[in-house]
Number of protein chains: 2
Amino acid sequence: MKAVNVGLLGIGNVGGGAYQILGMNAEKIEKAVGAKVNVTKILARDKNKKREGICPEMITDDPDEIINDPEIDIVVEVLGGVEPAATFMLSAMKAGKHVVTANKAAVAARYDELMKTAKENNVEFRFEASVGGAIPVLNAITTVLKGNEITEIMGIVNGTTNYILTKMTDLGLPYEDVLKEAQELGFAEADPTADVEGHDVANKLCILMALAFDKFVAPEDIPTKGISQITAADIEEAKAAGEKIKLIAHAKLEDGNLTYSVAPKRLPNTHPLAGVSNEFNAIYVTGNAAGELMFYGRGAGPLPTGSAVVGDIMEIAKLVK
Amino acid sequence: MKAVNVGLLGIGNVGGGAYQILGMNAEKIEKAVGAKVNVTKILARDKNKKREGICPEMITDDPDEIINDPEIDIVVEVLGGVEPAATFMLSAMKAGKHVVTANKAAVAARYDELMKTAKENNVEFRFEASVGGAIPVLNAITTVLKGNEITEIMGIVNGTTNYILTKMTDLGLPYEDVLKEAQELGFAEADPTADVEGHDVANKLCILMALAFDKFVAPEDIPTKGISQITAADIEEAKAAGEKIKLIAHAKLEDGNLTYSVAPKRLPNTHPLAGVSNEFNAIYVTGNAAGELMFYGRGAGPLPTGSAVVGDIMEIAKLVK
């Protein structure tokens, strides 16, 4: 039985999570795939830093040692950011490697080129973890739901902003106070712009639309409004009307015309998305046959995001073993 | 390009829904599969009944004409009930046909035999529609989540009982009144026993456990309690405590020990399953990597259930085209 070899580009939160899962669930994974899945090389900036449970000989600071290693079947890009991540992925594809990534920014920025290069080189390219962390929504809309015409997608796909809006709602606190607390707890970054102004959500909506509607809209062409202008009074007004404010990635197909936006929206408390609280994510999908579906789960964190990366690795490993 | 031919055993609610979807979404399905998917024969009790949109020459009252048709690749069983459905599926597998079914009773009653026969004959056997209608939860737990150790499953997987409990909660009405209304609206059957006493849920939990924990427990060995003893006072008591009563299919793995039951449970209003109302279904799955996930959607109806059947047909068609 051939083993399937994986090279990791990056060993931060997501890479570390995926590595941990491949170890702790190795037996289940081998049984499901029908072959061992081994991480054989890892790219890291600092070769000499000690990393618990990781053999130092596996670490390299030269991406080419992974991209051009004839023993590696699958390259997993978990560096984040558009460059050099996108270039590494394209090079790996050209070297005949299948590619898995968790990187929404790179996938959204270079979608066409990445898809085209994967196709030209006859390699698999999967990016489940790029939208909704652990939630297997991309797999669903690209496989078993492909027989549906998707007519609408509404997503809560940013944990930081959902956490802030939930705390503002539950505790009646102003935006600035909750943001500060979220930063202290590590739920928001020191520079929270990409999250709170909706740019991260726009990247994810771009990816969802490309897969669900077969239409690429660049993130910068999606009308995008974040939550930084939401006041405690807005929240109170919604509450009084039996509604919750959520930052929604929205796309709707009507008469062949696709409309889309990222913006805070008031949803009735009875809407399934209104119950999605704190750092959780959910994607509400309507199909012309299935009707309304919702996929809910953890949108971030090493193990949840790693779970999606490992799911992608396994789907590819089944094909190449 | 080879077409993939499908024979339908049954053309009731679910079969009719699947047939309709294969027609209305034919273009999307052909593009996704890479081949046309054609229904070529349909088993029906009454050959001469007029059915809108269905050519009478396709109808047969002899199952062997489908099971032994060398032109048919996939047999779809949507008759319901254990027999003759199970025998038809086994015969179809032995004749080299891939099998798709929506039939939870037959899958739960004959699980081992069906799985073994499919394996021996090297055919695919899929039954997404048997649990949770349109919700693609079986596909998720058997593919991309297989790298997780599933530690717990909680499911609202019966629309009739969830409708009854929702109306009892929202309107403060007694069980008998709501059941009667549900029967008048067609949400409950004339003999509601299988639904309200939890037997239908036990079939579905049996299937979920077999796939998630690789452990078959016969439905009759699952401790099962329905909702017929739930009183308006029980509902009020839960409400006062900030909780909702839901009929829950529950399985939990702890220290290698699997416990399971079907029973009404009080869930805090903040639990994601507490917000699943009316006839909707949801399956809440915890994995050791992904954490908590929830899959929500329509558990019944011709098009939602047909959507899951078509998803299964497509996954098989991609392999055999």
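The values are calculated or read from the model by the stated rules, or taken from the named source; none is laboratory data. Keep in mind that this is a model prediction, so the values were computed, not measured. Counting neighbours? That spans all protein chains shown, and the Cβs are built from the backbone with ideal geometry, glycine included. In case anyone asks, the SASA skips ligands and DNA or RNA and just uses the protein heavy atoms, side chains included. Shrake-Rupley method; radii C 1.70, N 1.55, O 1.52, S 1.80 Å.
Run the accessible area of the range B:192-268 with a 1.4 Å probe and give the carbon-and-sulfur part as a rounded percent.
48 percent
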Quiz item: Per the Kirkwood treatment, what hydrodynamic radius in Å, one decimal, follows for the protein assembly as shown from the mean inverse distance over all distinct Cα pairs?
Solution: 25.6 Å
Practice problem: Please state, rounded to one decimal and in Å, the Kirkwood hydrodynamic radius that the range A:130-181 gives when every pair of distinct Cα atoms enters the mean of 1/r. | Solution: 13.4 Å
Quiz item: Distances from B:Glu184 to the same residue in each other copy, label points 7 Å out along Cα→Cβ, in nm, shortest first?
Solution: 5.7
Quiz item: Residue by residue, what Karplus-based ³J(HN,Hα) values in Hz, rounded to whole numbers, does the range A:56-72 have, using 6.51, -1.76 and 1.60 with θ = phi - 60° and x for Gly and Pro?
Solution: x, 5, 6, 7, 9, 10, 10, x, 5, 5, 8, 4, 9, 7, x, 7, 8
Self-check item: Kirkwood Rh, Cα atoms: Rg over Rh of the range B:4-66
Solution: 0.98
Self-check item: Solvent-accessible area lost in complex, 20 Å² minimum, residues of the range B:279-298 relative to chain alone, 1.4 Å
Solution: B:Asn288, B:Ala289, B:Ala290, B:Glu292, B:Leu293, B:Met294, B:Phe295, B:Tyr296, B:Arg298
Quiz item: Which pairs break 22 Å Cα to Cα here: A:Lys246/B:Lys244; A:Lys167/A:Lys265; B:Lys167/B:Lys246; A:Lys2/B:Lys97; A:Lys167/A:Lys252?
Solution: A:Lys246/B:Lys244; A:Lys2/B:Lys97; A:Lys167/A:Lys252
Quiz item: When only DSSP loop residues count, what trypsin sites (Lys or Arg not before Pro) in the range B:1-35 have their Cβ near at most 12 other Cβ atoms within 10 Å?
Solution: B:Lys2
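Report the local net charge at A:Met93: Lys and Arg +1, Asp and Glu -1, summed over other residues whose C-beta lies under 13 Å from its C-beta.
Working: positive: A:Lys94, A:Lys97, A:Arg110, A:Lys116, A:Lys119, A:Arg126; negative: A:Asp73, A:Glu77, A:Glu113, A:Glu120, A:Glu124.
In short, +1.
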Self-check item: Under 24 Å from B:Lys50, Cα to Cα: lysines that are on another chain or at least 8 residues apart
Solution: B:Lys41
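Could you state, as a whole-number percent, how many of the C-alpha pairs of the range A:187-269 are farther apart than 17 Å?
I get 53 percent for the Cα pairs in the range A:187-269 exceeding 17 Å.
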Practice problem: Every other copy gets compared here: list the nm distances from the B:Thr270 label point (7 Å along Cα to Cβ) to its counterparts, shortest first, one decimal. | Solution: 2.4
Quiz item: Top mean-square fluctuation among B:Asn25, B:Asn281, B:Asn158, Gaussian network model of chain B, C-alpha springs under 10 Å?
Solution: B:Asn25
Self-check item: Length added when fully stretched, B:Arg51-B:Asn257, from 0.36 nm per residue minus Cα-Cα
Solution: 69.1 nm
Quiz item: Using the Cα atoms as the points, what is the convex hull volume per residue of the range A:1-124 in Å³?
Solution: 106 Å³
Practice problem: Could you give log10 I(q)/I(0) at q = 0.12 Å⁻¹ for chain A, computed by the Debye formula over C-alpha point scatterers of equal weight, without solvent? | Solution: -0.82
Quiz item: Which of the aspartates and glutamates could a cross-linker bridge to A:Lys47, judged by Cα under 15 Å and excluding same-chain residues fewer than eight apart?
Solution: A:Glu57, A:Asp61, A:Asp62, A:Asp64, A:Glu65
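Taking loop as defined by DSSP and a crowding limit of 15 other beta carbons within 10 Å, which GluC sites (Glu not before Pro) in the range B:57-90 fit?
Sites meeting the loop and neighbour criteria: B:Glu71.
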Self-check item: Amide proton proximity set for B:Ile59, modelled H, under 5 Å, gap of 5+
Solution: B:Ile42
Self-check item: Gaussian network model of chain A, springs between alpha carbon atoms under 10 Å - residue of A:Gly80, A:Gly256, A:Gly15 with greatest fluctuation
Solution: A:Gly256
Quiz item: Averaged per residue, what accessible surface does chain A expose to a 1.4 Å probe, in Å²?
Solution: 41 Å²
Quiz prompt | Distance between the range B:262-294 and the range B:178-211 - C-alpha centres, whole angstrom | solution = 18 Å
Exercise. Give the angle, between 0 and 90 degrees and rounded to the nearest 10, that separates the Cα long axis of helix B:13-24 from the longest principal axis of the Cα atoms of chain B.
Key: 60 degrees
Quiz prompt | Length-normalised contact order for chain A - Cα pairs under 8 Å, 6+ apart - percent | solution = 23 percent
Practice problem: Mind jotting down a quarter of the surface of the convex hull over the alpha carbons of the range B:221-297, in square nanometres, one decimal? | Solution: 6.4 nm²
Practice problem: Calculate, for B:Lys180 and B:Asn278, the FRET efficiency according to 1/(1 + (r/R0)^6) with r their C-beta to C-beta distance and R0 25 Å; round to the nearest 0.05. | Solution: 0.90
Quiz prompt | Scattering curve values for the range A:166-321, log₁₀ I(q)/I(0), Debye with Cα scatterers, q = 0.11, 0.16, 0.21 Å⁻¹ | solution = -0.52, -1.07, -1.57
Quiz item: B:Lys180: which aspartates and glutamates have alpha carbons under 20 Å from its alpha carbon, excluding same-chain residues fewer than 8 sequence positions away?
Solution: B:Asp170, B:Glu189, B:Asp191, B:Asp195, B:Glu197, B:Asp200, B:Asp234, B:Glu279
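Tell me the net charge near A:Gly299. Cut-off is 14 Å between Cβ atoms, A:Gly299 excluded, with +1 for each Lys or Arg and -1 for each Asp or Glu. Display every interim value, and only then the final one.
Numbers: positive: A:Lys104, A:Lys204, A:Lys246, A:Arg298; negative: A:Glu128, A:Asp195, A:Asp200, A:Glu279, B:Glu292.
Overall, the nearby charge balance is -1.
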Quiz item: Can you name the chain A residue with its Cβ nearest the rotation axis from A to B, and give the distance in Å as a whole number?
Solution: A:Gly275, 2
Quiz item: Taking square-rooted eigenvalues a ≥ b ≥ c of the alpha carbon gyration tensor, is the range B:44-179 rounded, prolate or oblate, where a/c under 1.5 means rounded and, failing that, a/b exceeding b/c means prolate?
Solution: oblate
Quiz item: Hey, can you list the residues from the range B:104-146 whose accessible area shrinks by 10 Å² or more with all protein chains present, relative to the chain by itself (probe 1.4 Å, no ligands or nucleic acids)?
Solution: B:Ala134, B:Pro136, B:Asn139, B:Thr143, B:Val144, B:Leu145, B:Lys146
Quiz item: Ballpark to the nearest 100 Å², how much total accessible area do B and A bury together, probe 1.4 Å?
Solution: 3300 Å²
